[in-house]
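The structure under discussion appears below in the form of structure tokens.
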């Protein structure tokens, strides 16, 4: 999913073959034993569990609006409750990894935060956090993907 060319192709196939989506259940995840990076240079927890889910949600929002349920479900975790601080500037390149915590927890928190920030602009998204800087960061990556990969 972190290969934007393949992701773009899959999303286009969905948009060309479906008229509506009732429920989008985003459950990308996993915790890696070491820091790993996508070919775009972002830490893989962040790329898969935050950035890619934003791209999928934004690309499929028209089909969701055509659906009956109009629901987006993002799975998260309470692992971020163990975090002492959250710095959105380190999401794409953290200094260290701690399995199930560290980058994993930060990326899941970032998912919840951008979902809360974006919820008023989309349908049926309900979270209790607020973080405009996280949304700005994933939105910039989405714009890069849209412009570089081409639609």
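Potential lengthening of the chain between residue 101 and residue 17 amounts to 26.4 nm, from the contour at 0.36 nm per residue minus the alpha-carbon distance.
Among 49-62, 85-98, the peptide with the highest mean count of other Cβ atoms within 10 Å heads the list, and the full ranking is 49-62, 85-98.
For residue 68 and residue 27, FRET efficiency with R0 = 35 Å and r from the beta-carbon atoms, rounded to 0.05?
That gives a FRET efficiency of 0.95.
Laboratory data are not the source of any read-out in this text; all were calculated from the coordinates shown. No experiment lies behind these values; they were computed from the predicted model shown. Heads up, the Cβs are rebuilt from the backbone with ideal geometry, glycines too, and the neighbour counts pull from every protein chain shown.
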